[in-house]
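Have a look at the structure below, then the notes.
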Amino acid sequence: MSFVGRNIKKIRSMKKLSQMQFAEIFELSRTSVGAYEEERAEPKIDTIISIANYFGLSIDVLLSKELSVNDLYNIDILNKKLSKAHKLPDSAAPIANQGGVPFVSVKKYVEYMVQHKNKDFINNLERVHLPVKMKGTIRAFEMNGSEMEYHQQGLHHGDILMCHQLAKAQLKAGQIVVVVTEQQLETHRITEVTKTSLKLGSDDPNYPELDIPHKKILECWEVKGVFSTYLNPPKVLEEKVMLMERRLQEIEKKLFG
């Protein structure tokens with residue numbers, strides 16, 4: 001019996017991806033993803049390989065084990081136990097990238113939460129080269145989820161967020177931040193800074209507010225720039241203005257010919 005459908009649903013839920021967003025990542029249809037999750041169909045082997053590689057999972061784990069949330073938070077440890085036979089020799093270790101800004105992709109989130117202080121790990125992250133000048137410690141993160149998107153405006157899943165690191169004293173309401181803890185890596189807007197915790201809200205009001213104790217925060221990064229391939233449509237207010245202008249033009253034509 002294959003657990004791939006259940007695991008896809010659990011991974012998608014943990015990563016806060018809609019079925020459509022998950023489908024777009026792997027060039028599938030939304031109905032196909034729904035069929036996998038409802039166990040009415042199974043993905044092709046090349047799709048399974050792509051999903052496993054993207055989320056840093058062993059293929060045998062994805063197929064033969066129903067993953068728990070704890071498993072997904074410990075993917076790195078899990079893979080080391082199950083993939084010793086496939087371990088690359090030392091000669092195949094990546095060479096540290098020079099220049100550019102260290103880039104933390106979604107598939108590196110779990111590993112980053114564990115290795116964020118490991119200089120070798122940071123040096124071997126992918127680099128992005130973007131035309132920006134920023135002072136201090138800089139990091140680029142891939143946006144995960146749609147909490148900061150509302151009416152198709154804001155930060156979109158897959159956007160590259162250029163960030164600089166903040167100290168606790170620099171935190172203030174209104175900042176969009178990437179918060180790293182031992183169990184989560186979240187991008188939200190600060191709504192309040194209290195003595196004991198950081199309260200985080202989403203631009204999409206359908207998501208609940210987060211309350212993260214300061215003692216659990218490993219790193220906090222302020223989003224200072226966004227690079228996206230997504231073209232934002234007109235805002236709701238702009239759409240209303242455009243509609244009113246059209247109606248005025250229609251009235252003028254009727255009145256004055």
Filtered residues of the range 108-162 (kept if farther than 22 Å from Ile176 by Cβ and either of a type outside the set (A, V, I, L, M, F, W, C) or more than 19 Å from the chain's Cα centre (by Cα) (or both)): Glu111, Gln115, Lys117, Asn118, Lys119, Asp120, Phe121, Asn123, Asn124, Glu126, Arg127, His129
For the range 103-174, which strands (runs of 3 or more DSSP E) that fit wholly inside it have 1 or more residues that are modelled with pLDDT under 90? 126-128
Among Thr187, Thr191, the single one that is within 23 Å of Val110 (Cα to Cα), in the same structural domain as His129 (by TED's automatic domain parsing) and in a strand (DSSP E or B) is Thr187
If Met20 meets every condition in (1) at pLDDT below 90; (2) under 25 Å from Glu186 (Cα atoms); (3) of a type outside the set (S, T, N, Q) apart from one, which number is that one? (1)
Taking the range 10-46, which residues are closer than 22 Å to Ser202 by Cβ and part of a helix (DSSP H, G or I)? Lys10, Ile11, Arg12, Ser13, Met14, Gln19, Met20, Gln21, Phe22, Glu24, Ile25
Pull out all pairs, ordered by first then second residue, where Cβ-Cβ is under 6 Å, the residues are six or more apart or on different chains, the first lies in the range 171-196 and is closer than 22 Å to Met113 by Cβ, and the second is among the charged types (D, E, K, R) and not in a loop (DSSP other than H, G, I, E, B). Gln175/Glu222; Ile176/Arg189; Val177/Glu222; Val179/Glu186; Val180/Glu219; Thr181/Lys216
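The values are calculated or read from the model by the stated rules, or taken from the named source; none is laboratory data. Keep in mind the model is a prediction, meaning the values are calculated, not measured. Every residue, glycine among them, receives a Cβ derived from its backbone with ideal geometry; neighbour counts consider all protein chains shown.
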